[in-house]
Every structure is written in C-alpha cells, then in structure tokens.
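Asker: The structure's right below; bear with me while I get my questions together.
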Amino acid sequence: MKISSKITVYLCSNCGTDYPKWFGQCPNCSEWGTLSEYNVPKSKRRSLNKTPSESIPLTDVLQTGQKKRILTRIIEVDRVLGGGMLPGSLILLGGNPGIGKSTLALQMLGKVNKPSLYISAEESADQIAMRAKRLQISSSAMQLSGENHIENILEQIILLKPEVIIIDSIQTVYSDSIDSLPGSVGQIRESGQQLLQICKERGVTIILIGHVTKEGIIAGPRMLEHMVDIVLYLEGDERYDHRILRSVKNRFGATNEVGIFQMQSQGLIEVENPSELFLAERSVNVAGSAIFPSLEGTRPILVEVQALVSNANFGTPQRNVNGFDFRRLSMLLAVLEKRLKLPMGTRDTFVNLVGGLRIDDPAADLAVIIAIASSALDKPIPQDMILIGEVGLAGEVRSVSQLGKRLIESHALGFKSAIVPKFGFKKANQAPENIKYYQVDSVKKVFDIIFT
Ligand code: TYD
Ligand code: MG
C-alpha cells in the first residue's frame with residue numbers, strides 16, 4: 001500500500017488556522033469563505049511537535065536572561081523598539097509599497113556593528129548595494145543574499161551565524177514542501193513559523209518586511225502578527241516626505257510609540273523636533289485652524305487641525321475627515337448642533353490633520369470641535385493658543401491623560417495660552433508657569449473665551 005507523504009489541510013486566509021476538513025465559515029475567526037486547500041508534507045507536521053524542550057528554573061533565566069539589546073543607533077528606531085532590538089526577537093515591519101521599508105531596514109543594519117544578513121528576493125544584490133551606496137552604508141559585517149527558499153535561508157543563517165537578519169519580504173519567501181505560490185497564506189505561515197523557530201532557538205533577531213494590503217493590514221494571515229514579538233508600521237502620505245514609524249505591538253516595550261523621519265536623498269533622516277515640522281507651514285489668523293498637543297506613545301507632538309465648513313449646495317451635506325475618526329466627527333457635529341445651537345445639518349464639513357498624522361486620542365476632540373466652530377463662525381482662534389480636552393455628549397469638557405507633558409511641549413514651542421479641562425488641570429503637575437491657562441468644563445465656556 002502506498003502511503004501518501006502529504007496530507008491535505010484547509011487554511012484560513014484571515015487567521016491562519018488549519019483544519020482537516022473544509023468549512024464555509026472559519027470556526028476560529030468566524031470569517032466566511034476564507035478556507036482553501038493546501039498540501040502539507042507529513043514530516044513537517046510532525047517536526048512541529050519535536051522533542052520537548054527542557055524546563056529551566058526561573059532564577060537561572062533571570063540571572064542569564066538579561067540580554068543586551070542591540071542598538072540600531074538610529075534614535076527614533078531604538079525608541080520605537082523599546083530601547084533597541086532584543087536578541088531572539090521576531091519583528092514585523094509593514095507598510096505600503098514604496099514607503100521606505102527596505103531603506104529603513106538597510107539603515108538599521110548599517111550601524112548595528114554585528115554580523116548581519118540582508119535577504120532580499122525582491123531586489124538583486126546590485127540594487128541593494130546601490131541603495132547602500134546612496135545611504136552611505138559600508139558595513140563589512142553585512143552579507144547580502146538573494147535567496148528565497150526558506151530551507152536555504154535557514155541554512156545560511158546557521159552557516160553565516162548573523163545576529164540580525166532581514167527578510168525582504170516575507171511575501172517572497174517560499175517553501176518547496178508546500179505546493180502554493182509565494183505570498184499565499186500557506187507559504188507565509190510556513191516561512192513565518194520556521195523563522196520564528198530559528199529565531200528563538202538561536203537567539204537571533206529577525207526583521208520580516210511585509211507588504212500591506214489596500215485595507216491597510218499586512219498581507220497574509222493575521223497569524224503573522226500574533227506570532228511576532230513586535231509589529232511596526234511605516235506610514236506616510238505620498239504628498240509629504242515625512243514618514244512615521246509606529247509600534248502597534250511590542251512585547252518588550254510600549255506600544256503606540258512613534259518615530260518620525262523625513263525621506264531625503266540620503267535615506268530616512270530622523271526628525272528631532274516633529275512639532276516644528278508639523279507646524280512649519282501652519283496658517284495663522286485663518287478661521288478653522290486649531291493647535292492640539294497630541295501624545296504619540298510617550299512623545300508629545302503638536303499638530304494643526306484644520307476645518308472647513310461651507311454651505312452644502314448639492315443636497316446631502318458632505319463630511320470628510322483625514323486623520324481623525326469619522327464617527328467621532330459626527331458626534332462632535334451633533335454636539336455643536338444640539339448644545340451650541342450651531343446649525344451643521346445643511347453644511348459641508350471637512351476636517352484635516354495636517355501632515356498626514358492619524359490621531360486616535362479623545363483629547364483631540366476639543367481642538368477639532370473648536371476648529372469646526374471657528375470655520376463656521378469665521379472667527380480665528382488666537383494663534384498662540386493650544387486646545388486640549390475630551391468632549392462628552394452633553395458638551396462637557398473632560399480631563400485627558402498626561403496633560404503636563406503636553407503642556408511642556410506647547411510651552412517649548414512658544415505657545416502662550418492653553419484651553420485645558422478644569423478637572424484634569426488641578427491634578428496636572430509640571431504645567432509650565434508662563435502659559436495663560438483657561439480652565440473649562442464645557443464647550444460653551446470655550447465659545448465664550450474665543451468667540452465673544
Ligand atoms: P523603498 O525603501 O524601496 O520602499 P519599500 O521597500 O517600502 O517599497 O523606498 C522607496 C522610495 O524611497 C523610492 O521611491 C525612492 C525613495 N528613496 C529616497 O527618496 N531616498 C533614498 O535615499 C532612498 C534609498 C529611497
Ligand atoms: Mg522594498
């Protein structure tokens with residue numbers, strides 16, 4: 001009797017879970033129509049549960065486990081990583097094509113001073129060398145390879161003993177043992193798992209570069225995000241040359257930490273003072289512009305919120321927002337209409353966070369609502385004023401986190417007055433003295449201060 005060396009599994013393209021039979025709906029993540037058939041070698045399946053590893057006393061690990069982080073010596077990157085790369089960590093770096101992932105990865109290797117390996121199946125060694133020349137990287141500790149077979153990649157890692165490895169990109173790596181194309185769910189899952197294994201076994205740091213789909217998530221199974229220790233996204237707007245590196249998951253540091261860069265001819269240059277960058281072209285004495293001290297991770301960054309309100313000439317009013325939650329905008333418009341008697345229902349409203357920044361912080365509410373009101377009433381907000389506070393449904397202004405830090409940054413950039421939540425301000429320590437504070441508990445009060 002011939003025993004087949006392969007077994008068939010059904011893999012979910014969303015979460016990466018496999019099943020021995022097909023389902024219309026994935027039992028794990030409940031997505032419909034995401035399961036497809038793959039042939040996986042039997043030996044592979046077994047190799048996953050190989051000899052059990054020994055257990056070690058916690059105290060031994062505590063003594064020896066204080067591994068030294070590997071610094072990329074790019075301050076912005078090291079901060080986002082939580083203080084450099086921890087040996088044995090698997091890092092996923094995602095972003096749109098052309099945003100600068102390969103550039104950043106190469107720059108990260110450029111200064112590590114450790115044996116490193118750059119595996120690129122997307123570009124030839126010549127192309128990478130040309131980019132390295134442009135970035136003025138000439139590290140003798142770096143090896144280049146164009147390999148895209150996962151088995152050969154693992155072999156190279158064992159042979160060359162690099163401490164930091166870049167896989168550019170995970171979508172181009174494939175295993176012969178799986179009969180599907182590179183970039184498919186099965187291939188990404190298999191390569192990811194093999195790399196995870198070698199990463200933990202040998203204590204090497206591996207950075208996986210991943211492309212992002214139109215919906216903005218890393219192409220391939222979601223499982224990749226669960227598998228890695230750190231997920232970084234490189235973001236940016238084609239209209240601007242600055243790039244934002246954001247940690248959305250970090251097992252070894254804070255999440256939502258950001259690093260800000262500018263893409264120039266010598267690669268990604270760190271931006272030391274992002275507030276200055278974001279406020280560089282700000283419009284002064286124009287109605288509809290408000291400044292808000294946002295907090296990205298642990299870092300305060302001042303941003304300009306722009307709003308434009310005009311009469312809707314064509315039926316249903318348009319509402320458009322960039323960098324801020326759309327539903328939150330609708331809520332703020334309802335507050336303006338109901339609590340402040342500002343008719344918004346027949347007007348087009350556009351809100352834009354300048355510089356392509358995305359803010360997910362309720363503390364931005366007050367700046368957004370007042371920027372809208374400023375445009376609607378055609379009355380500018382004083383140019384040396386910042387606004388901060390969360391707005392509730394009753395039109396009340398609520399306290400925000402880390403007010404002191406935000407105020408220090410505002411002071412450093414020369415702002416002279418601040419509208420702050422009354423309740424939060426009492427508790428805020430480190431608020432700089434030379435700012436004039438208006439403590440408010442409702443949007444109505446802010447109207448009285450600015451618009452009358
Ligand atoms: P790249 O790192 O190749 O992007 P990704 O790997 O995310 O696809 O960078 C793409 C863009 O960056 C490309 O359009 C050229 C530009 N670039 C610069 O402006 N300056 C530089 O020094 C480099 C290397 C690239
Ligand atoms: Mg690339």
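Asker: Let me have the relative contact order for the chain, percent, based on Cα pairs under 8 Å that are six or more residues apart. Please list the in-between numbers first.
Answerer: Values: 944 pairs, mean separation 52.9, N = 452.
Relative contact order of the chain: 12 percent.
Asker: Under 14 Å from a label point 7 Å along Cα→Cβ of Gln318: give me every residue in the stretch 330-348 with its amide N that close.
Answerer: Counting backbone N atoms under 14 Å from the label point, the list is 347-348.
Asker: Could you pull out the chymotrypsin sites (Phe, Trp or Tyr not before Pro) across the stretch 291-394 that fall in loop regions by DSSP (anything but H, G, I, E, B) with no more than 13 other Cβ atoms inside 10 Å? Before the final figure, lay out the partial values.
Answerer: Values: sites: Phe314, Phe324, Phe326, Phe350; in loops: Phe314, Phe324.
The qualifying sites are Phe314.
Asker: With labels modelled as points extended 7 Å from the Cα through the Cβ direction, what inter-label distance (nm, one decimal) is found for Lys379 paired with Lys21?
Answerer: 7.0
Asker: A follow-up question, please. Please work through the chain and write down the cysteines that have no neighbouring cysteine Cβ at a distance under 4.7 Å.
Answerer: Cys199
Asker: So if we plug the beta-carbon distance of Met331 and His149 into 1/(1 + (r/R0)^6) with R0 = 56 Å, what FRET efficiency do we get, rounded to 0.05? Numbers along the way, then the final one.
Answerer: Working: r = 52 Å, r/R0 = 0.93.
The formula returns an efficiency of 0.60 here.
Asker: Let me ask something else. Rounded to the nearest 20 Debye, what is the dipole magnitude of the chain about its Cα centre when Lys and Arg each give +1 and Asp and Glu each give -1 at the C-beta?
Answerer: Working: 51 positive and 47 negative charges, 174 e Å.
About 840 debye.
Asker: Follow-up. Against the globular-protein guess of 2.2 N^0.38 Å, express the Cα radius of gyration of the stretch 344-428 as a ratio, rounded to two decimals.
Answerer: On the way: Rg = 13.5 Å, N = 85, 2.2 N^0.38 = 11.9 Å.
Taking the Cα Rg and dividing by 2.2 N^0.38 Å, one obtains 1.14.
Asker: May I ask you to evaluate 6.51 cos²θ - 1.76 cosθ + 1.60, the Karplus curve with θ = phi - 60°, for each residue of the stretch 418-435 and list the ³J(HN,Hα) values in order in whole Hz, giving x for glycine and proline?
Answerer: Calculated HN-Hα couplings, in order: 9, 9, 10, x, 4, 5, x, 5, 4, 8, 5, 9, 6, 5, x, 6, 7, 10 Hz.
Asker: How about Lys379: which aspartates and glutamates have a C-alpha closer than 15 Å to its C-alpha, ignoring those fewer than 8 places off in the same chain?
Answerer: Asp448
Asker: Rounded to the nearest 10 degrees, what's the angle between the helix 365-377 long axis and the longest principal axis of the chain, both from Cα atoms, 0 to 90?
Answerer: 50
Asker: Compute the acute angle (0 to 90°) between the alpha-carbon long axis of helix 125-134 and the principal axis of greatest extent of the alpha-carbon atoms of the chain; round to the nearest 10°.
Answerer: 40
Asker: Between Glu215 and Lys426, what length in nm is gained on full extension when 0.36 nm per residue of separation is reduced by their alpha carbon distance? Kindly include the intermediate steps, with their values, before the conclusion.
Answerer: Working: separation 211, 0.36 × 211 = 75.96 nm, distance 4.21 nm.
Computed gain between Glu215 and Lys426 is 71.7 nm.
Asker: What number, rounded to the nearest 500 deg cm²/dmol, is the helix-based mean residue ellipticity at 222 nm of the chain, given -39500 (n - 2.57) per DSSP H run of at least four residues and division by all its residues?
Answerer: Details: 14 runs with 132 residues, N = 452.
Only helices count here, giving -8500 deg cm²/dmol.
Asker: Which value, to two decimals, describes the C-alpha radius of gyration of the chain once divided by 2.2 N^0.38 Å?
Answerer: That ratio works out to 1.15.
Asker: Still on this structure: Per-residue HN-Hα couplings for the stretch 318-332, Karplus 6.51 cos²θ - 1.76 cosθ + 1.60 at θ = phi - 60°, whole Hz, x for Gly and Pro?
Answerer: 8, 10, 9, 9, 10, x, 9, 5, 5, 5, 5, 4, 4, 5, 5
Asker: Return, ordered by residue number, the residues of the stretch 320-349 whose backbone nitrogen is under 12 Å from a label point located 7 Å along Cα→Cβ of Asn311.
Answerer: Residues 346-348 fall inside that zone.
Asker: Looking at this model, which pairs from Lys341/Lys436; Lys6/Lys214; Lys114/Lys405; Lys111/Lys200; Lys67/Lys249 are more than 31 angstrom apart at the alpha-carbon? Each step should come with its number before you reach the end.
Answerer: Working: Lys341/Lys436 28 Å; Lys6/Lys214 34 Å; Lys114/Lys405 36 Å; Lys111/Lys200 23 Å; Lys67/Lys249 20 Å.
The pairs that break the limit, which is 31 Å between Cα atoms, are Lys6/Lys214; Lys114/Lys405.
Asker: Quote the FRET efficiency, to the nearest 0.05, computed for Ile56 versus Lys161 with a Förster distance R0 of 35 Å and r equal to the Cβ-Cβ distance.
Answerer: 0.90
Asker: Check Gln25: other-chain or 5+ apart residues with amide H under 5 Å from its amide H, H built from backbone geometry?
Answerer: Gly33
Asker: So, one more: List the GluC sites (Glu not before Pro) within the stretch 217-279 that DSSP assigns to loop and that have no more than 11 neighbouring Cβ atoms inside 10 Å. Provide the component values of the computation, followed by the final result.
Answerer: Details: sites: Glu225, Glu235, Glu238, Glu257, Glu270, Glu272, Glu276; in loops: Glu238, Glu257, Glu272.
Here the GluC sites (Glu not before Pro) that fit, given the DSSP loop and packing criteria, are Glu238, Glu272.
Asker: Non-local amide H neighbours of Lys6 (under 5 Å, H modeled in plane, Pro and chain starts lacking H): which ones?
Answerer: So Lys6 has HN proximity to Lys42.
Asker: Could you derive backbone 3J(HN,Hα) for the stretch 287-299 from the dihedral phi with the Karplus parameters 6.51, -1.76 and 1.60 (θ = phi - 60°), listing whole Hz in sequence and x where the residue is Gly or Pro?
Answerer: Per residue, the Karplus-derived 3J(HN,Hα) values read 5, x, 10, 10, 9, 10, x, 8, 10, 9, x, 9, 10 Hz.
Asker: Something else about it: Restricting to the chain, compute how many DSSP beta bridges are antiparallel as a %, nearest 5. All intermediate terms of the calculation are to be shown ahead of the outcome.
Answerer: Values: 46 of 85 bridges.
Approximately 55 percent, going by the DSSP bridge assignments.
Asker: Setting aside same-chain residues fewer than 8 positions from Lys338, which aspartates and glutamates have a Cα under 14 Å from its Cα?
Answerer: By straight Cα distance, Lys338 reaches Glu396.
Asker: On to the next question. Percentage of Cα-Cα pair distances in the stretch 150-239 greater than 22 Å, rounded to whole percent?
Answerer: Details: 1068 of 4005 pairs.
For the stretch 150-239, the share of Cα pairs beyond 22 Å comes to 27 percent.
Asker: Amide H to amide H, which residues 5 or more places from Glu296 or on other chains are under 5 Å from it, using H placed in the peptide plane?
Answerer: Correct list: Ile301.
Asker: Ok, one more. Can you give the log10 of the normalised intensity I(q)/I(0) at q = 0.09, 0.11, 0.19, 0.20 Å⁻¹, computed with Debye over equal Cα scatterers of the stretch 299-452?
Answerer: With one equal scatterer per Cα and no solvent, log10 I(q)/I(0) is -0.26, -0.40, -1.19, -1.32.
Every number in this text was worked out from the coordinates using simple rules, so none of it is lab data. Source: prediction; values computed, not measured. Here Cβ is always computed from backbone atoms with ideal geometry, including for glycine, and neighbour counts include all displayed protein chains.
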